[in-house]
């Protein structure tokens, strides 16, 4: 479970990334989420859940179509385009723990 400070910083970071959406809440051009599972590129199915992930709306970058290309284009576990920015907020973690996560 995250600490109070960790959650406040994560929320603030997510709010900053939402500023370019100009108040658009439904189908915004920039999607800002927290803890969305993504497959690690070349991670052989390993999943990560960053504190904040920023990705384009599907109107700008559509979901990858079913493809015979192996491996498939990187994406989250629901098949949406992979986040372009992934943030991990460190409050009271050691460098070794961050190295393992990132």
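So here's what we get for this one:
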{"item": "Segments 17-27, 48-58, 2-12 sorted - mean Cβ within 10 Å per residue, highest first", "result": "48-58, 2-12, 17-27"}
{"item": "Difference of contour (0.36 nm per residue) and Cα-Cα distance, residue 33 to residue 18", "result": "4.4 nm"}
{"item": "Net lengthening on full extension, residue 46/residue 61 (0.36 nm per residue, minus Cα-Cα)", "result": "3.1 nm"}
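Taken together, the values in this text are just the output of simple stated rules run on the coordinates, not laboratory data. Here the structure is a predicted model, which means the values were calculated and not measured. A quick note on method: Cβ atoms are made from the backbone with ideal geometry, for glycine too, and the neighbour counts reach across all protein chains shown.
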